[in-house]
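Here's the structure we're looking at; comments come further down.
The values are calculated or read from the model by the stated rules, or taken from the named source; none is laboratory data. Predicted model, so just to flag it, every value in this text is computed and none were measured. Virtual Cβ from ideal backbone geometry, glycine too; neighbours counted across all protein chains shown.
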Amino acid sequence: MNFTVAIDGPAAAGKGTISRAVAQRFGFAHLDTGALYRAVGVKAEGQGLDPAAAARSLTAEDLEREDLRTLEAGQAASRVAVIPEVRAALLDFQREFARRAGGAVLDGRDIGTVICPGAEVKLFVTASPEVRARRRWLELGGEAAPKPYEAVLAEVLERDDRDMNRADAPLKPAADALILDTSEMSVEAAVAAAVAAIEAALGPDR
Ligand code: CDP
């Protein structure tokens, strides 16, 4: 069975949590496409490489680095993500992953719009910038985080701006995406809404 779930949305909206939960629930493979851009950003900026060359030579090892979830890696990712050659280099891998047998969940910024416009289910997960910054700050350790909440908020806003206003594959909901605003939703409620949308698309036979 080929079945693709596309989950897009801005930084720290809860895409990762929802994606992992639905992948587990339905037995789908999960690809965090942000990790690809983070790995390219860290590799290019760390080694002084051309970002497109870094994208073309990405290895499994690059994706296993422990520093990919830092704020710096997120910023580096959004800087290289504006480069069309970088996006093009990552396209086939994502499309092949999406059509693998057994179903797949991909989360990112352009999955429903560019990578998999024919996805069976499209979700756009969002939340207010303040809520998202608070979640990211807590994820980074709260009071023990390397930066105060205000600085995390500023970085979230900067990344939103870059992701939404780039020319190639800007962050925006697909016309037929279900919008999930998780600002005031529990994780359980957000996952339940995603599960319901997938069950409706799978139909009664499953
Ligand atoms: O986890 P978080 O939502 O903070 O970010 P991420 O999903 O790991 O993505 C990091 C950055 O990669 C984003 O800010 C985008 O600039 C870029 N990205 C993209 O352009 N397209 C994707 N499909 C996924 C990520």
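When region 135-148 is examined, which residues are found to be more than 18 Å from the chain's Cα centre (by Cα) and assigned to a helix (DSSP H, G or I)?
Keep residues of region 135-148 that are more than 18 Å from the chain's Cα centre (by Cα), which gives 138, 141-148.
Result: Leu138, Gly142, Glu143, Ala144.
Looking at region 119-129, can you tell me whether even one residue there is over 27 Å from Phe26 (Cβ atoms), in a helix (DSSP H, G or I) and either of a type outside the set (Lys, Arg) or within 11 Å of the ligand (Cβ to nearest atom) (or both)? Give the steps one after another, and end with the answer.
At the first step, the residues of region 119-129 found to be over 27 Å from Phe26 (Cβ atoms) are 128-129.
The next check asks that each one be in a helix (DSSP H, G or I); those that pass are 129.
Next, only the ones that are either of a type outside the set (Lys, Arg) or within 11 Å of the ligand (Cβ to nearest atom) (or both) stay: 129.
Yes, that holds for at least one residue.
Conditions tested, residue by residue: (1) free of Cβ contacts under 8 Å to residues at least 40 places away in the same chain; (2) away from the ligand (no atom under 12 Å from the Cβ).
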site: Met1; (1), (2): no, yes
site: Thr4; (1), (2): no, yes
site: Gly9; (1), (2): no, no
site: Arg25; (1), (2): no, yes
site: Glu45; (1), (2): yes, yes
site: Ala53; (1), (2): yes, yes
site: Glu61; (1), (2): yes, yes
site: Leu71; (1), (2): no, no
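Among all residue pairs at least 6 apart or on different chains, which show Cβ distances below 7 Å where the first residue, located in region 121-138, is of a type in the set (Asp, Glu) and the second is outside any loop (DSSP other than H, G, I, E, B)?
Every condition considered, the pairs that remain are Glu130/Leu153.
Taking interchain pairs and intrachain pairs at least six residues apart, which have beta carbon atoms under 7 angstrom, with the first residue in region 152-177 and touching a residue at least 40 places away in the same chain (Cβ under 8 Å) and the second among the aromatic types (Phe, Trp, Tyr) and more than 8 Å from the ligand (Cβ to nearest atom)?
Close Cβ pairs satisfying both conditions: Val152/Trp137; Pro173/Phe124; Ala177/Phe124.
Pick out, from region 1-114, the strands (runs of 3 or more DSSP E) lying fully within it that include 1 or more residues that are surrounded by fewer than 21 Cβ atoms within 10 Å (Cβ to Cβ).
Where strands (runs of 3 or more DSSP E) fall fully within region 1-114 and carry at least 1 residues being surrounded by fewer than 21 Cβ atoms within 10 Å (Cβ to Cβ), they are 29-32.
Would it be correct to say that Ala145 is on the phi < 0 side of the Ramachandran plot and modelled with pLDDT under 95?
Numbers: on the phi < 0 side of the Ramachandran plot: yes; modelled with pLDDT under 95: yes.
Yes.
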